[in-house]
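Here is the structure we will look at, set down as structure tokens.
The values are calculated or read from the model by the stated rules, or taken from the named source; none is laboratory data. If you're wondering where the values come from, they're calculated on a predicted model, not measured in any experiment. A quick note on method: Cβ atoms are made from the backbone with ideal geometry, for glycine too, and the neighbour counts reach across all protein chains shown.
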Ligand SMILES: [Zn+2]
């Protein structure tokens with residue numbers, strides 16, 4: 001089972017993608033117990049967008065609990081401020097620089113692609129799509145000196161054409177935000193948001209349970225409202 005986080009920051013940020021450092025520590029206690037319990041399905045952790053706060057708050061806690069993660073970075077935004085998940089009254093979070101992404105590699109994490117500009121890949125022309133997928137792959141490989149073979153679709157949005165071009169430029173796996181996606185090329189993850197607790201995350205980790213079904217319905221309802229434009233803060 002794969003979880004998707006965004007920000008771990010000790011401040012008020014726009015939307016639902018921030019998880020406070022204190023709660024993150026408590027959640028890691030619970031996830032470490034889950035993995036040590038011999039559960040058939042161990043949990044792994046991913047971080048989308050490559051925010052700089054990862055190194056300050058998430059990384060030390062992850063190391064303390066024996067976790068490494070995959071960070072999905074947006075290549076052309078390295079070292080810049082976020083441009084889609086903020087409001088005018090709360091400062092946007094910064095993305096990691098190339099040097100900081102490299103430091104993540106040295107700490108045992110992986111850095112893979114979340115595209116070049118964090119646009120809905122389905123909306124791009126063939127040429128733009130290829131540039132977005134191949135360009136981000138090349139840039140991250142140059143920075144990390146490791147193979148980039150996984151693409152995490154911005155906003156979790158993809159279609160058959162996006163998958164085909166991703167394969168064509170050398171990716172071996174795609175990731176969405178629908179936990180029920182099961183490939184063959186695109187796999188799903190459970191997003192963890194500011195309102196989640198160890199209890200709700202544990203429910204997500206219990207496949208086929210009533211609690212898991214409830215979490216899935218919550219996810220669908222929230223996504224449905226976001227698409228209707230009622231909650232512009234719902235971003236991945
Ligand atoms: Zn994202």
Out of 146, 100, 168, sole residue that is modelled with pLDDT of 95 or more and surrounded by 15 or more Cβ atoms within 10 Å (Cβ to Cβ): 100
Among the residues listed as 24, 54, the single one being within 14 Å of the ligand (Cβ to nearest atom), in a helix (DSSP H, G or I) and either more than 19 Å from residue 154 (Cβ to Cβ) or without any contact (Cβ under 8 Å) to a residue 60 or more places away in the chain (or both): 54
Evaluation of residue 86 against (1) at pLDDT below 95; (2) surrounded by fewer than 15 Cβ atoms within 10 Å (Cβ to Cβ) (one fails), failing number: (2)
Qualifying residue in segment 29-38 (condition: in contact with a strand residue (DSSP E or B) (Cβ under 8 Å, 6 or more places away or on another chain) and surrounded by fewer than 19 Cβ atoms within 10 Å (Cβ to Cβ)): no
Selection status of residue 92, over 20 Å from residue 46 (Cα atoms), under 19 Å from the mean Cα position of the chain (by Cα) and at pLDDT below 95: yes
Of the criteria (1) within 16 Å of the ligand (Cβ to nearest atom); (2) assigned to a loop (DSSP other than H, G, I, E, B); (3) over 26 Å from residue 23 (Cα atoms), which one residue 79 fails: (1)
Within segment 87-174, helices (runs of 4 or more DSSP H) holding 2 or more residues that are closer than 29 Å to residue 67 by Cβ and within 16 Å of the ligand (Cβ to nearest atom): 126-144
Residue that is farthest from the ligand (Cβ to nearest atom), among those in segment 66-76 that are part of a loop (DSSP other than H, G, I, E, B) and surrounded by 18 or more Cβ atoms within 10 Å (Cβ to Cβ): 67
Residue match in segment 199-211 (condition: modelled with pLDDT of 85 or more, touching a strand residue (DSSP E or B) at 6+ places or on another chain (Cβ under 6 Å) and over 23 Å from residue 120 (Cβ atoms)): yes
Residue in segment 142-150 that is within 22 Å of residue 184 (Cα to Cα), touching a helix residue (DSSP H, G or I) at 6+ places or on another chain (Cβ under 6 Å) and without any contact (Cβ under 8 Å) to a residue 60 or more places away in the chain present: yes
Checking residue 12 against (1) within 16 Å of the ligand (Cβ to nearest atom); (2) assigned to a loop (DSSP other than H, G, I, E, B); (3) at negative phi, the condition it does not meet: (1)
Criterion violated by residue 35 - all others in (1) at pLDDT below 95; (2) touching a helix residue (DSSP H, G or I) at 6+ places or on another chain (Cβ under 8 Å) satisfied: (2)
